[in-house]
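Structure record follows, encoded as structure tokens.
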Amino acid sequence: MMSFRQFAKHLVILVGLTALPILSNAGDLGPTPPKAKMNFSDNSKCVKPIADIRRNHMELLKHKRDETMREGVRTKDNSLVECIDCHVTPNKKGEYARFGEDEHFCSSCHNYAAVNVDCFDCHSDLPEDAAKILRSSNNPHNMTEGGKK
Amino acid sequence: MKKAVFKQIDGNSINYWMLLALLGSFALAAVGAHFYMEHGGHYVTGMNNQIVWGLPHVFAVFLIVAASGALNVASISSVFNKTAYKPLAPLSTLVAIALLSGGLMVLVLDLGRPDRLIVAMTVYNFKSIFAWNMIFYNGFFLIVGIYAWTMLQRNLNKYSRIAGFTAFIWRLALTTGTGSIFGFLVARQAYDAAIMGPMFVVMSFSFGLAIFLLIVMATYKWTDRPLGDATFNRLKNLLGVFVAGVLYFVVAQHLTNLYATEHHGVEAFILRDGGIYTQLFWYGQIIMGGLIPLALIYHPTTGKSRTAISIASILIVLGGLIQMYVIIIGGQAYPLELFPGKEVSSSFFDGVVNSYSPTLAEALLGIGGFAVTLFMVAFAVKIMKFLPESLADEAVDPHHSK
Amino acid sequence: MSNSNHTNTYRRKFLAQSAAVAGLAIAPGIILNQVAHAKSDADKASSANRWGMLIDTNKCNKGCTDCVTACKTENAWGAGETHSSEEQQAQWIRKVTITDKQTGHVQSLPLMCQHCETAPCVDVCPTGASMKREDGIVQVDKHICIGCRYCMMACPYKARSFIHEKLELQKPTAPRGIGTVESCNMCAHRVDKGQDPACVEACSNAQHGAMLFGDLKDANSAISIELKKHGGEQIRADLGLNTGVRYQGL
Ligand code: SF4
Ligand code: SF4
């Protein structure tokens, strides 16, 4: 059993630790997103300058989503699928982190900033190559008769 | 005639707080049920791809419809200038707002994505009667709220007639809109009838007044305020007329449907072969919710008994819920007619009567709507002057005060 | 690091693609049906087209469910809804058996969203999530669907399903998820690339050839020619929805 004094001490430490990254302005304690597969082009890491994409990726994605979904525009720029394909990479053991885990590209920041996103309720959090393998191993009787289990 | 004196209820008895606590815990249970349903998804409910609207919709639609009916007393006093109803007009607006809040809460908490409610509030498809209803509902709060204010604030009293008139028109639109939700479903045999709109209006009169009468009787009894026979009889007789009206419309609805050959199937289903739905229709909706209350209201002995009238009102509410159940669930249980004259079967339950077994979570969510309504009323009459001190005959009836 | 550089990178990739398509289209006589309706990735779906299907029930094999299987594989449904009951699981397309009560004549046909021109599901949707593309494809924009299920009540064909649980590992071309409604979208992602919907392809691969896909607004498309020659009925034609999916031999 913890005494109240002990508990208070823990609490202070906990609060201090949580505040630290904010105070130290996100030094090495900030989010650590995994590296992308490759640079977008010879002179740019991402499809937009990093500062821009960090601040505005949601707007870009939203604009694109409406164009693709409602109007059938299928270009790759600013498409969520492209982001996932390039950014969600396996670790050294070849395993993929899933959305929600700190090691997943998107959650690495979103967990840190405590910003919830809906995207992965409907979109896969993995590149299709990886998803495909999991789909068939999860469901050995996949894709059979009339929607029955 | 004396001016009615409005006063808050004391609301500091143990019983009062117990009542609030009880209603509060039902409301909390509804919120709990909601989180349970949203957490993993709707698979924990009895709803499925065949019965897409379940028990929560039964309660939600009932409460929303009743909301507009509860406004009747206020409308009669302001729009038709019947002074006898005036003392109860503020309470009538309060009950209306509370019922709508309860109903909408249930409706919203049953959405697949209640987190996106903001979308529903900001993006409208103006072809959709649902979107129109969103506007009707929001407007109802605003207009009835203003109406209540003009009645409670003495120097605004002169505006209450015009506010009451606006509210009256608005709520007719609201109920017709709610009824039309079903009228627009041309493909569903059970709903494809122009009579749905007006029928919902009459249903709203009856359900709303039954709930209103129950609230009046309970508050005046529990607070030891006098409730005279004049007021009581007036409300109860009105209720009788409305119950008869609902019965009339139900008969008309089914008779007209029997004229149209394409509706014979669904009519036979509800009236004769529908199993649970047929039983609910005859025993629940017609006998329990219609004929028995009528008898209680108009029988010379029971008609005078407050207990009997309370029972009649409760039966009307229960019968109303059952009627909604038959309309909403029964209407979906009957299979869609895809190929008239042919037998249909598939892996997706084509051509079979769909089954639905409601779960506890859905029931709790629905009942929570009632709890929220009653909680709002109970709380509001304590903090604001909604209730006249006395509804004794001398205080209300112009003839007595002469 | 100017923005135009990024745009150029895309443009280069994009030009390469359109050149390939153009190369195929140069010889109109011999191009495959598949590229006959190709649009470039940057083009919007256009009201100059209206995509439709014609299903010949006489050619549809009673025991065959290849179209259903193909749809499941293409759009990754039919597995993964492990908590949902059978009544709760989604079905985008299903085989329906109909028996004439008088003659006893049995027919089998695939049934999916009929892509109605005056679609009840689009009319009733409060948010505009249920929508019709310019080219007539009806689908749900799950980004703004609130899961009210009004569209499911309104659809005369029971074409829609609600997702009753959390899903994962969706196809990039077929996002679908909890609390929203979904239905056949005629494989819009394939149509945009100039391919036939997966079900149509599967039916022809199975040598049944009961399903024909094409542009109803193009008088020279195979589907229009066939419709003109032999006609095609709508299911529940009495509702006057002018469906994009038509049937022969009903
Ligand atoms: S078949 Fe149903 S889902 Fe498809 S467009 Fe028509 S109404 Fe909408
Ligand atoms: S369930 Fe979604 S798509 Fe269907 S009517 Fe409601 S918001 Fe529109």
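The values are calculated or read from the model by the stated rules, or taken from the named source; none is laboratory data. All values derive from a computational prediction rather than experimental measurement. So basically every Cβ, Gly included, is an ideal-geometry build from the backbone, and we count neighbours across all protein chains shown. Remember, those area values only see protein heavy atoms, side chains included, never the ligands or the DNA or RNA. Shrake-Rupley method; radii C 1.70, N 1.55, O 1.52, S 1.80 Å.
Restricting the first residue to segment B:39-53 and requiring it to be closer than 13 Å to C:E86 by Cα and in a helix (DSSP H, G or I), which pairs with a second residue that is of a type in the set (S, T, Y) and open to solvent by less than 10 Å² (accessible area, probe 1.4 Å) meet a Cβ separation below 8 Å and a spacing of at least six or different chains? What qualifies is B:Y43/C:S84. Checking each residue in segment B:328-354 for being small (G, A, S) and touching a residue at least 40 places away in the same chain (Cβ under 8 Å) picks out B:G330, B:G331, B:A333. A:K37 meets all of the listed conditions (1) part of a helix (DSSP H, G or I); (2) open to solvent by 70 Å² or more (accessible area, probe 1.4 Å); (3) in contact (Cβ under 8 Å) with a residue 12 or more places away in the chain but one, namely (1). Annotation note: of A:D66, A:D85, A:D77, the sole residue that is open to solvent by less than 90 Å² (accessible area, probe 1.4 Å), at the interface with chain C (Cβ under 9 Å from one of its Cβ atoms) and outside any helix (DSSP H, G or I) is A:D77. Restricting B:V79, B:V61 to those that are under 21 Å from B:F207 (Cβ atoms) and in contact with a Leu (Cβ under 9 Å, 6 or more places away or on another chain) reduces the list to B:V61.
Residues in segment C:151-162: is at least one over 16 Å from the mean Cα position of the chain (by Cα), more than 9 Å from ligand 2 (Cβ to nearest atom) and assigned by TED's automatic domain parsing to the domain that holds C:L212? Looking through segment C:151-162, at least one residue is over 16 Å from the mean Cα position of the chain (by Cα), more than 9 Å from ligand 2 (Cβ to nearest atom) and assigned by TED's automatic domain parsing to the domain that holds C:L212. Condition (residue is closer than 13 Å to C:S183 by Cα, at pLDDT 95 or above and within 16 Å of ligand 2 (Cβ to nearest atom)) applied to segment C:105-113: is it met by at least one residue? Yes, the conditions are met somewhere in segment C:105-113.
Against the conditions (1) among the charged types (D, E, K, R); (2) more than 16 Å from ligand 2 (Cβ to nearest atom); (3) modelled with pLDDT under 95; (4) within 21 Å of the chain's Cα centre (by Cα), C:K62 satisfies every one except (4).
Of the residues making up segment C:112-133, those that are more than 6 Å from ligand 1 (Cβ to nearest atom), not charged (D, E, K, R) and not in a loop (DSSP other than H, G, I, E, B) are C:M112, C:V122, C:V124, C:S130, C:M131. Filtering segment B:98-110 for residues that are out of contact with any helix residue (DSSP H, G or I) (no Cβ under 7 Å at 6 or more places or on another chain) and not in a helix (DSSP H, G or I) leaves an empty set. Of the residues in segment C:82-93, at least one is open to solvent by 30 Å² or more (accessible area, probe 1.4 Å), in contact (Cβ under 8 Å) with a residue 40 or more places away in the chain and over 28 Å from B:V123 (Cα atoms). Under 9 Å between Cβ atoms, at least 6 apart or on separate chains: pull out the pairs that start in segment C:206-227 with a residue that is over 18 Å from C:Y247 (Cβ atoms) and without any contact (Cβ under 8 Å) to a residue 60 or more places away in the chain and end on any residue that is among the hydrophobic types (A, V, I, L, M, F, W, C) and part of a helix (DSSP H, G or I). Here the result reads C:A219/C:I225, each pair linking segment C:206-227 to a residue that is among the hydrophobic types (A, V, I, L, M, F, W, C) and part of a helix (DSSP H, G or I). If I ask for residues that are in a loop (DSSP other than H, G, I, E, B) and open to solvent by less than 10 Å² (accessible area, probe 1.4 Å), which ones from segment C:170-182 would you list? The answer is C:Q170, C:R176, C:G177, C:G179, C:T180. Going residue by residue through segment B:337-353, is there one that turns out to be under 28 Å from B:L99 (Cα atoms) and crowded, with 17+ Cβ neighbours inside 10 Å? No: segment B:337-353 contains no residue that is under 28 Å from B:L99 (Cα atoms) and crowded, with 17+ Cβ neighbours inside 10 Å.
Selection within segment C:117-138: residues that are open to solvent by 10 Å² or more (accessible area, probe 1.4 Å) and near ligand 2 (Cβ under 9 Å from one of its atoms). The member of this set that is farthest from the other protein chains (Cβ to nearest Cβ) is C:C121. Residues in segment B:71-90 that are of a type in the set (A, V, I, L, M) and either open to solvent by 10 Å² or more (accessible area, probe 1.4 Å) or modelled with pLDDT of 95 or more (or both): B:I76, B:V79, B:A84. When B:I311, B:I327, B:I383 are checked against the criterion of being surrounded by 22 or more Cβ atoms within 10 Å (Cβ to Cβ) and hydrophobic (A, V, I, L, M, F, W, C), a single residue qualifies: B:I327. Filter segment C:175-208 down to the residues that are away from chain B (no Cβ under 14 Å) and either touching a Lys or Arg at 6+ places or on another chain (Cβ under 6 Å) or within 16 Å of ligand 1 (Cβ to nearest atom) (or both) and list them by number. Residues satisfying the conditions are C:N185, C:M186, C:C187, C:A188, C:V191, C:D192, C:P197, C:C199, C:H208. Could you look through segment C:139-159, keep only residues that are among the charged types (D, E, K, R) and open to solvent by 10 Å² or more (accessible area, probe 1.4 Å), and pick out the one that is farthest from ligand 1 (Cβ to nearest atom)? Looking at the filtered set, the residue picked out is C:K142. Of the numbered criteria (1) part of a loop (DSSP other than H, G, I, E, B); (2) within 25 Å of A:R74 (Cβ to Cβ); (3) away from ligand 1 (no atom under 16 Å from the Cβ), the one C:L212 fails is (1). Before we move on, is C:G147 within 11 Å of chain B (Cβ to nearest Cβ) and either outside any loop (DSSP other than H, G, I, E, B) or out of contact with any Cys (no Cβ under 8 Å at 6 or more places or on another chain) (or both)? Criteria met by C:G147.
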